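Values in this text are rule-based calculations from the coordinates and carry no lab data. Just so it is clear, the structure is predicted and the values come from calculations on it, not from any experiment. Virtual Cβ from ideal backbone geometry, glycine too; neighbours counted across all protein chains shown.
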Amino acid sequence: MKEAMYWERVKDSTVRCRLCPLNCIISEGKRGSCRIRKNIRGKLYTLNYGLVSSIASDPVEKKPLFHFWPGSCALSIGTVGCNMHCKHCQNWEISQADEKFPYLQKATPESIVAIAKRYGCESIAYTYNEPTIWYEFVLDTAKLAREKGINNILVTNGYINEEPFRKLAPYIDAMNIDIKAFDDKFYMKIAGVPGGEPSRKIAEIAKKEFGIHVELTYLVIPTLNDRDEEFRTFARWVVGELGDDTPVHFSRFFPHYKLVSLPPTPMETVERAYRIAKEEGLKFVYIGNAPGHYGENTYCPRCGKPLIVRWGFEIEEYHIKDGRCEYCGEPIPVVGTYTKKRYKGIWW
């Protein structure tokens, strides 16, 4: 337990959390929507500092990040809790849990950085559940990782207030931001929050103000966020606000948690989203959860030749040299150089 950052007392022993746009007002003895921030005698505490539910060494492509140090290793860590309550969450066992989750292990920023070093991981990815509600631990770990030459990655819903994000952003190298839909009704009905504008704003701040490498994931769920016009509006926002070179991942949905009644996303639906995004000017569009599909590959936006050929999270061919297409010389925005080094798998 650790006193939380970003809160204020509003009346007597009642406090307001200012970490995310929910701005929960919390009475003494009660918790915020994330289940992890609790008012104890008029002060707000975070209950998951240094508590790890999951840890593994992953290919960075699994985050998914396709344009950030391809082929490298990311030490992925997560805790419990989330400020959204998505009905389709694939990690709901930890995202909807609290500090009583039975498999939590204690860790320190120093121990996490040491594990990353031991297994040759170029990055630490804060993932599995929402890193925003692990804010204090993520901030401390990211600072130390930066000192040790290790990259920091946020895999996030982007639902964080600007002030805390701006404090964390200087230590973050890459983000994959989950855009749930381009319809506020979806956010309220499926994710349990008022709307998606805060997440989009954070994406813009991250890329335009801090120069963080940003990729976006849009999970396509049948009947809920799979309309052509929604794909088109989303793509236009990306091109207009983040740039046409921003990588976008349209991923297939598979039944999970409270949406087991829906079928998996048909391939033709994500292929349609892929085509629409390309029509709207996006240069780097991907299809996720479809191993072996052409939508996993990176193509040169000028000559059209495959530059990175993938099977799942493995790279089979790589044709970018000095940041350019090997065939026509077109600049390709990929951070870092490709390494064929194999990552060492660990589970804790």
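Listed values, structure above:
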{"read-out": "Top of Met84, Met267, Met175 by mean-square fluctuation, Gaussian network on the chain, Cα under 10 Å", "value": "Met267"}
{"read-out": "Whole-Å semi-axes of the range 2-46's equivalent ellipsoid (Cα gyration tensor)", "value": "13, 11, 9"}
{"read-out": "Structure-derived Rg and Dmax of the Cα atoms in Å - corresponding label in [x] 19.8, 68; [y] 18.8, 58; [z] 21.0, 69", "value": "[x]"}
{"read-out": "Global form of the range 101-171, assessed from the alpha-carbon gyration tensor, a/c cut-off 1.5", "value": "oblate"}
{"read-out": "Percentage relative contact order, the chain, counting C-alpha pairs under 8 Å, at least six apart", "value": "15"}
{"read-out": "Charge dipole of the range 204-348 about the Cα centre (unit charges at C-beta), most positive-ward option of Tyr286, Ile221, Ile276", "value": "Tyr286"}
{"read-out": "Rg and Dmax of the range 62-106, Cα atoms only, in Å", "value": "13.6, 37"}
{"read-out": "Projected label distance in nm at Glu229 and Ser111, using a 7 Å step from Cα toward the beta-carbon", "value": "5.3"}
{"read-out": "Karplus 3J(HN,Hα) series, Hz, for the range 94-100 with 6.51 cos²θ - 1.76 cosθ + 1.60 (x for Gly, Pro)", "value": "9, 5, 9, 9, 10, 5, 8"}
